[in-house]
1. What whole-number value in Å² describes the accessible area per residue of segment 71-141 for a 1.4 Å probe?
2. On the accessible surface of segment 11-141, probed at 1.4 Å, how many percent belong to carbon and sulfur atoms?
3. In square nanometres and to one decimal, what's the mean projected area of the convex hull around the Cα atoms of segment 67-138?
4. May I ask for the distance between the Cα centers of segment 93-141 and segment 1-63, given as a whole number of Å?
5. P(r) for segment 20-141: what percent of alpha-carbon pairs falls in each 10 Å bin, starting at zero?
6. Given only helices, namely DSSP H runs of n ≥ 4 each adding -39500 (n - 2.57), what is the per-residue ellipticity at 222 nm of the chain, to the nearest 500 deg cm²/dmol?
Amino acid sequence: AQNRAATTVASSWANSDPQAAAAWVSAFPAGDTRDSAVQNVLSQWSQNDPTAAGKWLSTMPAGKAQERAIQSYVSSVSYQYPDLAAPWAEAITEPNQRNSSIENVVRQWLDTDPTAAQAWLAKTTLPDERKEQLLKRLNSN
């Protein structure tokens with residue numbers, strides 16, 4: 001219950017002062033509560049100021065917590081700002097999650113800026129057959 005309360009407070013605080021909320025949750029002891037609170041703050045912050053949220057994300061130490069936060073950020077931002085989500089999708093270290101995130105970003109981006117999406121897709125580590133499937137979708141629209 002205490003963990004849930006901390007996460008709820010962090011999410012609410014992130015609406016009004018995301019930097020302070022992020023600093024607060026970053027000071028939590030390592031573990032699931034901190035990871036969950038960071039994801040919630042980042043998700044909320046991403047909706048209001050995705051650029052600042054991305055900058056803060058880059059200050060996190062590498063590791064499992066940052067990996068989860070990156071996944072949360074990409075999920076939150078890719079629909080409206082695929083160009084901001086793209087470099088983070090590529091930064092995910094787990095190959096299946098990275099490929100899935102790249103595909104999600106490309107699907108959104110193809111709808112809004114197909115030229116930029118195709119240029120980025122060509123440079124990604126996504127397997128060629130998956131790239132071709134995504135581009136077929138564009139050509140069938």
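1. On the way: 3940 Å² over 71 residues.
Heavy-atom SASA per residue in segment 71-141 reads 55 Å².
2. Details: 3260 of 6880 Å².
Of all accessible area on segment 11-141, carbon and sulfur atoms account for 47 percent.
3. Details: hull surface 16.2 nm².
Average projection, Cα convex hull of segment 67-138: 4.0 nm².
4. Here the answer is 29 Å between Cα centres.
5. Taking all Cα pairs of segment 20-141, the binned fractions are 13, 44, 28, 12, 2 percent.
6. Working: 9 runs with 114 residues, N = 141.
Mean residue ellipticity at 222 nm (helix-derived): -25500 deg cm²/dmol.
The values are calculated or read from the model by the stated rules, or taken from the named source; none is laboratory data. Bear in mind the structure is a predicted one, so any value in this text is a computation, not a measurement. To get the accessible areas, we keep the full protein, side chains included, count just its heavy atoms, and leave off ligands, DNA and RNA. Shrake-Rupley method; radii C 1.70, N 1.55, O 1.52, S 1.80 Å.
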